[in-house]
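Engineer: Take this structure first; my questions come after.
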Amino acid sequence: ELWAALFHSQSTFVAYTDGSGTRKDQPSGLGVVLVRTLPSDVAVGGSTTRDEVCYVGENCGLGTNNHAELSAVWRALTLVPDLRRPLVIRADSLYAIGCATNPLWKIKANHELVAKIRTNLSRRSNVTFEHVRGHAGNVYNEKADQLANAGRKSVSLT
């Protein structure tokens with residue numbers, strides 16, 4: 001019921017993404033914090049908060065940190081399936097942002113994942129990327145980092 005109200009309102013989704021990985025032969029994890037600020041005309045069961053937040057921490061298989069960062073961006077895109085819906089993706093990975101948005105970026109690995117992201121983005125007109133500094137005290141970015149680490153270790157953390 002809450003997410004139905006979110007999808008029917010006109011505000012923008014903001015996704016904070018992060019990845020956690022070491023080597024390509026070791027487990028990796030993704031973290032996404034999806035934030036939606038509700039317009040004042042949407043009632044949420046007496047809640048006084050206007051932000052609704054969805055937390056996702058998942059294992060994304062064997063892979064490097066770069067694989068995990070890209071996987072987090074992909075997961076953020078899948079969390080907002082409406083291709084017309086405005087979405088801001090805030091990532092602390094310049095690699096992931098570059099791979100997703102710059103067609104001249106040299107892709108040395110993760111070709112299939114980058115292709116999926118770019119194809120999805122080509123169908124959308126309302127996605128913007130913003131770089132945020134990692135480990136700089138941003139609450140949602142820190143939570144995405146925790147979720148990614150938990151996902152890598154296959155631990156549920158919400």
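Engineer: Consider ILE89 carefully, then state whether it is open to solvent by less than 90 Å² (accessible area, probe 1.4 Å) and over 15 Å from the mean Cα position of the chain (by Cα).
Structural biologist: No, not satisfied.
Engineer: Any residue at all in segment 113-133 that's in a helix (DSSP H, G or I), open to solvent by less than 60 Å² (accessible area, probe 1.4 Å), without any contact (Cβ under 8 Å) to a residue 40 or more places away in the chain and not hydroxyl-bearing (Ser, Thr, Tyr)?
Structural biologist: yes
Engineer: Shifting gears a bit: Could you list all residues from segment 61-83 that are modelled with pLDDT of 95 or more and within 14 Å of THR119 (Cβ to Cβ)?
Structural biologist: Result: LEU70, VAL73, TRP74, LEU77, THR78.
Engineer: Please work out which one of (1) closer than 19 Å to THR37 by Cα; (2) at pLDDT below 95; (3) among the charged types (D, E, K, R) is the condition ARG90 fails and give its number.
Structural biologist: (2)
The values are calculated or read from the model by the stated rules, or taken from the named source; none is laboratory data. None of the values given here were measured: they were computed from a predicted structure. Methodologically, a virtual Cβ is constructed for each residue, glycine included, from the backbone with ideal geometry; neighbour enumeration extends over all protein chains shown. Only protein heavy atoms, including side chains, enter the accessible area calculation; ligands, DNA and RNA are left aside. Shrake-Rupley method; radii C 1.70, N 1.55, O 1.52, S 1.80 Å.
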